[in-house]
1. Confirm whether Leu147 is over 27 Å from Cys38 (Cα atoms) and of a type in the set (A, V, I, L, M).
2. Take the residues in segment 59-82 that are β-branched (Val, Ile, Thr) and crowded, with 19+ Cβ neighbours inside 10 Å; name whichever of them is nearest to Glu182 (Cα to Cα).
3. Scanning for something under 18 Å from the mean Cα position of the chain (by Cα), touching a residue at least 24 places away in the same chain (Cβ under 8 Å), part of a strand (DSSP E or B) and under 19 Å from Val188 (Cβ atoms), does segment 49-60 turn up at least one residue?
4. So which strands (runs of 3 or more DSSP E) are wholly in segment 75-185 and hold at least 2 residues that are of a type in the set (Val, Ile, Thr)?
5. When you check Val166 against the structure, is it in contact (Cβ under 8 Å) with a residue 24 or more places away in the chain, under 21 Å from His58 (Cβ atoms) and buried (at least 19 other Cβ atoms within 10 Å of the Cβ), yes or no?
6. Please state which of the following conditions Asp172 fails to meet, knowing it meets all the rest: (1) within 14 Å of Leu82 (Cα to Cα); (2) modelled with pLDDT under 95.
7. Out of Glu108, Glu45, report the one residue that is closer than 17 Å to Trp12 by Cβ and in contact (Cβ under 8 Å) with a residue 60 or more places away in the chain.
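The values are calculated or read from the model by the stated rules, or taken from the named source; none is laboratory data. All values derive from a computational prediction rather than experimental measurement. Cβ placement follows ideal geometry from the backbone for every residue including glycine, while neighbour counts extend to all protein chains displayed.
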Amino acid sequence: MQDSKSFELHAWVDESMRPTRDDERMYLLGAVVADPSCCQRARDELRGVLPRGARKLHWTDMGDREKRRVTGLIADLDMAHLIVVGTPLNYRKQEHARAKCMERLLWELGQLEVNKVFLEQRTQSLNKRDMALIEHLRGSRSIPPRLRVYIEQPSTEPMLWIPDQVLGALGDAESKNNRWMELYNGVVERIDIVI
């Protein structure tokens with residue numbers, strides 16, 4: 001039996017922006033939550049379906065056959081998926097949208113008692129902006145002190161590919177193509193906020 005004091009949950013986070021069915025735009029911030037001791041199989045399987053020459057799996061670069069295969073693989077993993085959907089998105093205020101969605105996502109992950117969160121690396125200045133936001137949220141007690149946030153390279157961490165795939169499926173569902181989300185069979189929790 002596993003010692004409850006040593007049990008941890010980690011989350012890997014990615015973003016996306018997509019149009020909605022009403023021709024609005026939405027900002028999506030998604031996380032996959034898992035026991036880190038059970039993730040090696042997922043990493044190995046994801047690397048196994050990575051197209052030759054690609055550095056990571058990216059939904060918009062994949063054809064239907066690849067999407068079906070990868071979605072089936074991810075849906076079979078024992079992991080939770082959480083997506084915060086912020087609308088309406090003004091592209092000139094994208095960082096504002098990210099901050100609002102990040103605040104809600106990190107709060108939700110804190111409620112799930114996640115210990116570590118890994119954000120997909122962006123530019124150096126945007127990474128600094130994310131970390132400043134996290135310190136602000138920590139200072140205002142919007143996230144628990146035990147929650148640690150790190151920046152990770154998607155080319156070296158396949159767990160970051162999972163939220164990209166789930167966000168892609170949700171984005172397609174918003175464009176009236178629900179076939180990919182149906183494969184997740186209700187294991188994706190969606191939280192809508194106004195930004």
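1. Working: over 27 Å from Cys38 (Cα atoms): no; of a type in the set (A, V, I, L, M): yes.
No; evaluated as a whole, the condition is false for this residue.
2. First pass over segment 59-82, keeping only residues β-branched (Val, Ile, Thr): 60, 70-71, 74.
Of the ones still in play, those that are also crowded, with 19+ Cβ neighbours inside 10 Å are 70-71, 74.
Details: Val70: 14, Thr71: 10, Ile74: 13 Å.
It comes out as Thr71.
3. no
4. So the answer is 80-87, 148-152.
5. Working: in contact (Cβ under 8 Å) with a residue 24 or more places away in the chain: yes; under 21 Å from His58 (Cβ atoms): yes; buried (at least 19 other Cβ atoms within 10 Å of the Cβ): yes.
The answer is yes for Val166.
6. Among (1) within 14 Å of Leu82 (Cα to Cα); (2) modelled with pLDDT under 95, the lone unmet condition for Asp172 is (1).
7. Working: Glu45 fails: in contact (Cβ under 8 Å) with a residue 60 or more places away in the chain.
Just one listed residue meets the conditions, Glu108.
Here is a yes/no grid of residues against (1) closer than 20 Å to Ser16 by Cβ; (2) touching a helix residue (DSSP H, G or I) at 6+ places or on another chain (Cβ under 7 Å); (3) in contact (Cβ under 8 Å) with a residue 40 or more places away in the chain; (4) loosely packed, with under 15 Cβ neighbours inside 10 Å:
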| position | (1), (2), (3), (4) |
| --- | --- |
| Glu113 | no, no, yes, yes |
| Lys116 | no, no, yes, no |
| Gln124 | no, no, no, yes |
| His136 | no, no, no, yes |
| Arg141 | no, no, no, yes |
| Ile151 | yes, yes, no, no |
| Leu170 | yes, yes, yes, no |
